[in-house]
Amino acid sequence: MTVRLFQCPPVAALTGCLLIAFGNGCRTSTTTLVQDRDTLTQLAPFLYVLSGNYDGLLTVSDFKSAGSFGIGTFDGLDGEAVLLDGIVYQVKGDGTVHVPDDTVGMPFGACTLFDADRQHVMRHVSSFTAFTQALETLFEDRHIFYAVRVHGDFKSMRVRSCDRQGKPYRPLAEATRDQHEYTYTNTRGTLVGFWTPPFVPGSIGVPGFHFHYLADDRTHGGHVLDFESEKLTVVIDPTPRITINFTTPGGVPLVEHDIERQVHDAERSRR
């Protein structure tokens, strides 16, 4: 089934700046960028969580301070994280949604200060595959990251989430084999996610799309596997820069060989 696209008028991007004046009667001023709104911030390279490093060096508080929109996971791979409008939600392995304490650790996450730079409407979306194929045609530059926020009514939504893992932690490709899968019908909510350029290595991030879902009533969500919808509002934020915390976690050795294969295996079990 063909996905029909309708482009809406662009929404003005927000600018974060601080006006500073020095001295009495000073006639000059300096505009200083408070935070780069076009940067994707990652709590760690993907290699760390791929290797089974599930103890978060940073926290929910750190995650929220770096952005207003994002996805990730929690200590012990305890469910899926959704950062939406500055609030972090935790979708547990049983499918329930909670707001975690600010002190909860996060071994991996990606976020940005989301700006509604471009908006489109998609109609008659028959599947996640059809959606992503149509969405990629909207990207003017395939060499940068994109933050994508999607809202609408879904005839069906199929998601997964993972239970908290016990130590010693298994590598991601093994741990994700035990994820729980749920299918919801006639649900309304938001997709939160990113597109990573195809040339980015798996040790840094997973090329392609990665979306998490959160229902409007905050009763369910998870890592998106598939969906169907008659109408979706799609907002795109081109994000040309990335910042990654490379602080090395302790206790679990990092994968050194066959990284791309292990990324593939881990992601295959998540879709």
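For every residue, the table says whether it meets (1) among the hydrophobic types (A, V, I, L, M, F, W, C); (2) modelled with pLDDT of 95 or more; (3) not in a loop (DSSP other than H, G, I, E, B).
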position: F131; (1), (2), (3): yes, yes, yes
position: L135; (1), (2), (3): yes, yes, yes
position: H143; (1), (2), (3): no, yes, no
position: K155; (1), (2), (3): no, yes, yes
position: V159; (1), (2), (3): yes, yes, yes
position: P168; (1), (2), (3): no, no, no
position: E174; (1), (2), (3): no, no, yes
position: N186; (1), (2), (3): no, yes, yes
position: L191; (1), (2), (3): yes, yes, yes
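Only a single criterion out of (1) of a type in the set (A, V, I, L, M, F, W, C); (2) modelled with pLDDT under 95; (3) surrounded by fewer than 21 Cβ atoms within 10 Å (Cβ to Cβ) is not satisfied by A266, namely (3). Annotation note: of P100, P10, the sole residue that is in contact with a strand residue (DSSP E or B) (Cβ under 8 Å, 6 or more places away or on another chain) and at pLDDT 90 or above is P100. Can you tell me which residue is surrounded by the fewest Cβ atoms within 10 Å (Cβ to Cβ) among those in region 182-216 that are out of contact with any strand residue (DSSP E or B) (no Cβ under 8 Å at 6 or more places or on another chain) and not small (G, A, S)? Filtering region 182-216 for residues that are out of contact with any strand residue (DSSP E or B) (no Cβ under 8 Å at 6 or more places or on another chain) and not small (G, A, S), the one surrounded by the fewest Cβ atoms within 10 Å (Cβ to Cβ) comes out as F199. Of the listed requirements (1) within 27 Å of E181 (Cα to Cα); (2) at pLDDT 95 or above; (3) not in a loop (DSSP other than H, G, I, E, B), L47 misses just one: (2).
When region 60-89 is filtered for residues that are surrounded by 23 or more Cβ atoms within 10 Å (Cβ to Cβ) and farther than 25 Å from G202 by Cα, only V88 remains. If you go through region 62-119 and pick out every residue that is part of a strand (DSSP E or B) and either closer than 17 Å to G221 by Cβ or not hydroxyl-bearing (S, T, Y) (or both), you end up with 25. Residue pairs whose Cβ atoms lie under 9 Å apart, separated by 6 or more positions or on different chains, with the first residue in region 198-226 and among the basic types (K, R) and the second in a loop (DSSP other than H, G, I, E, B), are R218/V99.
The values are calculated or read from the model by the stated rules, or taken from the named source; none is laboratory data. Please read these numbers as outputs of a predicted model, since none were measured by experiment. Here the Cβ is made from the backbone with ideal geometry for all residues, glycine too, and neighbour counts use every protein chain on show.
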